[in-house]
Amino acid sequence: MLDPGDNSELPAIPGKRYFTISEVSELCRVKPHVLRYWEQEFPKLRSVKRRGNRRYYQRHDVLLIREIRHLLYIEGFTISGARNRLMHDSEPPAEIRAQALALVAEGLEEVRRLLTSDASAP
């Protein structure tokens, strides 16, 4: 069930603010103990700890975990190689860029609607 595979086979990320470690495990197809280990190895990956020291991840963490998974399982990087790649790679992953562009497009569409509704008002 949690075997490595292509990231394109991963389920879509729901529109939630926080995800539990078990949810992230399912979304990224990585076992929870691996996620806890990656938190120690990758400085950029930090979960928020709440009630009873439970881990909660945000959307950007899930995307980062998918990127780490891709580097390790698909591209064959070692842990230190993936860490170096993430530290020196200033360009965000393609999925993050696409989401940012979609948000910008939504914002521009909203501005266009506001401008056209103002122009048609008497």
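The values are calculated or read from the model by the stated rules, or taken from the named source; none is laboratory data. Predicted model only: the values in this text are computed from it and were never measured. In this analysis, Cβ positions are derived from the backbone assuming ideal geometry, glycine residues included, and neighbour counts consider all displayed protein chains. Accessible surface areas use protein heavy atoms only, side chains included; no ligands, DNA or RNA. Shrake-Rupley method; radii C 1.70, N 1.55, O 1.52, S 1.80 Å.
Here residue 33 fits the description: open to solvent by 90 Å² or more (accessible area, probe 1.4 Å), out of contact with any strand residue (DSSP E or B) (no Cβ under 7 Å at 6 or more places or on another chain) and not charged (D, E, K, R).
For the stretch 66-119, enumerate the residues that are exposed (fewer than 10 other Cβ atoms within 10 Å of the Cβ), at pLDDT 90 or above and not in a helix (DSSP H, G or I). Within the stretch 66-119, just 76 meets the criteria. Within the stretch 35-51, which residues are free of Cβ contacts under 8 Å to residues at least 24 places away in the same chain, part of a helix (DSSP H, G or I) and not hydroxyl-bearing (Ser, Thr, Tyr)? If the condition is that a residue be free of Cβ contacts under 8 Å to residues at least 24 places away in the same chain, part of a helix (DSSP H, G or I) and not hydroxyl-bearing (Ser, Thr, Tyr), then 36, 39, 40, 51 are the ones that fit. Candidates in the stretch 44-55 are the residues that are open to solvent by less than 80 Å² (accessible area, probe 1.4 Å) and either among the polar types (S, T, N, Q) or touching a helix residue (DSSP H, G or I) at 6+ places or on another chain (Cβ under 8 Å) (or both); of these, the one that is nearest to residue 86 (Cα to Cα) is 45. Across the stretch 16-34, the qualifying residues are those that are among the charged types (D, E, K, R) and assigned to a helix (DSSP H, G or I), and the one among them that is farthest from residue 50 (Cα to Cα) is 26. Residues in the stretch 56-65 that are surrounded by 21 or more Cβ atoms within 10 Å (Cβ to Cβ) and either basic (Lys, Arg) or closer than 10 Å to residue 24 by Cβ (or both): 57, 61, 65.
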